[in-house]
Each structure stands twice: as structure tokens, then as C-alpha cells.
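Here's the structure we're looking at; comments come further down.
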Amino acid sequence: MKKVFITFVICLVYHNLSYAQSQSDAEKEAAKTEVWFPVPPVVKPAREIGQAPSDAIVLFDGKNVDAWQLENGQAAQCAVKDGIMTIVKNSGSIQTRQKFNNFQLHLEWKEPLPVVGDGQGRGNSGVYLQEEYEIQVLDSYENPTYSNGQCGALYKQSIPLVNACRQPGEWQSYDIIWTAPIFNTDKTLKTPAFVTVFQNGILIQNHVEVKGKTLWSGEPYYEAHGPKSILLQDHGDNGEPVSFRNIWIRNL
Ligand code: MG
């Protein structure tokens, strides 16, 4: 009986040892695919979703439009009130003083009330990425127009996956991820731009290849450029202008 017990203990110890050995081998194998460096930098999220995180460049915090100018370099003509900015109608589109390449952009806008006009003439503005590539801003709530020109379209190039528009008078958001085009030294295109857009948290453009700069008429094409501004369009519609608030950007 004693002999049987000793044999049992030996077997148990051997089994545990071999299990520990194999576990160690498994862990060693798993460790081969662990990557510890680089360690991503810490970015502190804002308390509220949609507010600027710690590494963002704030382009409009509700107080002034110092980050913006007219296309000719003169001061932006905007009304700022209650944390909201509106471009003075027909004063011209405004663009950031700072220039950007690859980025994540957040902005919020509100289509005007009362509703005036229809199609492309109802609450038309636009977010021009690097000044050339327009994500349409339009009151597309129960307002038919051509699909590749409705709100959320990469204008005349890519129809939004869905119509995610809120009613006019309600605040809406865009979160845009922009990968800038790359040009060869002879100014020919090396790689096109790509854009991803969420409207009100809903994916509407999914890593879309950009065909070139936005044109109202004709086929898009590229012209070589470096970092450029974010531009907000003054479309000059008949109704009240589109309002903006909480605009920030993160260089990528
Ligand atoms: Mg527009």
C-alpha cells in the first residue's frame, strides 16, 4: 500500500512539473507576439463626449474667432454670441490661420430656422478639408437634392451611407478623419486622400478615396499642395446662416 502511495505522489509531482513547464513554454510563445514599445502617449479625454481632449487644438471655444480669417487674410466676419458663431452672410468663407495635414476634426453646427429655400439653397455651408475637399453641410432633413450633394456628401464624389440629419434648429456633429494626399516631387499624385466621417455619431463616409478637389462642375482632379487650412463655406443662402460651435482638431 505504501509503495502505491509513493508511486502516486511521484506521478502527481511529475505531472505538475511537466504542466508548469508546458505552461511556461506557452507563455514564452505568447510573449513573442507582445509589443511593449512604443507606449502610446496619454491623452486625457474631456468629461463630456464631444468636448476637446487634452491634445486637441481648439479652433472655436465659443469666445472668439481669433483662429480664423478670411481667404484674403483679413479678419473673419463672424457674429459670436452665447458660445455660437455665425458667418456674416456674404462676408466670405472663413479658414483657419493654422494649416493642417492629417487630422481628426470635430465640429458642431445647426441648420437655421425658419426653414427657407429648398434643395441646395436650404442651409448650405460646408467643411472644406485642406481648403479643397468639401464635406457638405446642408439642411437635408426632408429636403431632396442630388444624393452626392446632400448633407454628409463628399461633394459630387461620394454619397453618404445614410441620411443622419437632425431637424433644423437642432445641434449636429461631424467627426472627420482626414488622411492627406501625398505628392511626388514632380507634383504628380503619389497617394490619394482618404476621408472617414461620422455625423451625429453615425458613420456616413467610410475610408473613402478622394478623387481630387471639390468642383461644382466637371471632374475632380488633384493639384499638389502641402498643409492647408480648414475652411467653412459662406454659401450666401436666403435664410439665416448656419451656426457653429465647439470646433477642435487633433494632428495625426
Ligand atoms: Mg456647401
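The values are calculated or read from the model by the stated rules, or taken from the named source; none is laboratory data. As the structure is a computational prediction, the values presented were derived from the model and not from experiment. Don't worry about glycine lacking a Cβ; one is built from the backbone with ideal geometry, like all the others, and counts go over all protein chains shown. What goes into the accessible areas is simple: the full protein's heavy atoms, side chains included, and nothing from ligands, DNA or RNA. Shrake-Rupley method; radii C 1.70, N 1.55, O 1.52, S 1.80 Å.
Could you give every pair whose Cβ atoms fall below 9 Å, whose first residue belongs to region 188-216 and is basic (Lys, Arg), and whose second residue is outside any loop (DSSP other than H, G, I, E, B) and open to solvent by less than 60 Å² (accessible area, probe 1.4 Å), counting only separations of at least 6 or pairs across chains?
Here the result reads 190/183; 211/154; 211/158; 213/133; 213/134, each pair linking region 188-216 to a residue that is outside any loop (DSSP other than H, G, I, E, B) and open to solvent by less than 60 Å² (accessible area, probe 1.4 Å).
Suppose we keep only residues that are assigned to a strand (DSSP E or B) and open to solvent by less than 40 Å² (accessible area, probe 1.4 Å) within region 105-124. Which one would you say is nearest to the ligand (Cβ to nearest atom)?
109
How many residues, within region 29-47, are small (Gly, Ala, Ser) and closer than 16 Å to residue 57 by Cα?
Counting residues in region 29-47 that are small (Gly, Ala, Ser) and closer than 16 Å to residue 57 by Cα gives 1.
Which condition from (1) in a loop (DSSP other than H, G, I, E, B); (2) in contact (Cβ under 8 Å) with a residue 24 or more places away in the chain; (3) open to solvent by 10 Å² or more (accessible area, probe 1.4 Å) is the one that residue 163 breaks?
(2)
Considering only residues that are among the small types (Gly, Ala, Ser) and in contact (Cβ under 8 Å) with a residue 40 or more places away in the chain, which ones fall in region 80-124?
Within region 80-124, 83, 91, 92, 93, 117, 121, 123 meet the criteria.
I need the full set of residues from region 68-91 which are part of a strand (DSSP E or B) and in contact with a strand residue (DSSP E or B) (Cβ under 9 Å, 6 or more places away or on another chain), in order please.
Across region 68-91, the qualifying residues are 68, 69, 70, 75, 78, 79, 80, 84, 85, 86, 87.
Listed residues 76, 164; which is more than 16 Å from the ligand (Cβ to nearest atom) and either closer than 14 Å to residue 244 by Cβ or not hydrophobic (A, V, I, L, M, F, W, C) (or both)?
Being more than 16 Å from the ligand (Cβ to nearest atom) and either closer than 14 Å to residue 244 by Cβ or not hydrophobic (A, V, I, L, M, F, W, C) (or both) holds for just one of 76, 164, which is 76.
Residue-wise test of (1) more than 16 Å from the ligand (Cβ to nearest atom); (2) modelled with pLDDT under 95.
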{"position": "179", "(1), (2)": "yes, no"}
{"position": "184", "(1), (2)": "yes, no"}
{"position": "198", "(1), (2)": "yes, no"}
{"position": "205", "(1), (2)": "no, no"}
{"position": "232", "(1), (2)": "no, no"}
{"position": "236", "(1), (2)": "no, yes"}
{"position": "250", "(1), (2)": "yes, no"}
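Filter region 125-158 for residues that are touching a residue at least 24 places away in the same chain (Cβ under 8 Å), within 11 Å of the ligand (Cβ to nearest atom) and outside any loop (DSSP other than H, G, I, E, B); which is most open to solvent (accessible area, probe 1.4 Å)?
128
From the list 175, 139, exactly one residue is in the same structural domain as residue 205 (by TED's automatic domain parsing), among the acidic types (Asp, Glu), within 19 Å of residue 238 (Cα to Cα) and within 22 Å of the chain's Cα centre (by Cα). Which is it?
139
Return yes when residue 216 is within 15 Å of the ligand (Cβ to nearest atom), among the aromatic types (Phe, Trp, Tyr) and open to solvent by 30 Å² or more (accessible area, probe 1.4 Å) and no when it is not.
Considered against the rule, which asks whether it is within 15 Å of the ligand (Cβ to nearest atom), among the aromatic types (Phe, Trp, Tyr) and open to solvent by 30 Å² or more (accessible area, probe 1.4 Å), residue 216 comes out as yes.
Kindly establish whether residue 48 is over 18 Å from the mean Cα position of the chain (by Cα), modelled with pLDDT under 95 and open to solvent by 100 Å² or more (accessible area, probe 1.4 Å).
no
Of the residues that make up region 7-21, is at least one part of a loop (DSSP other than H, G, I, E, B) and at pLDDT below 95?
No, every residue in region 7-21 fails to be part of a loop (DSSP other than H, G, I, E, B) and at pLDDT below 95.
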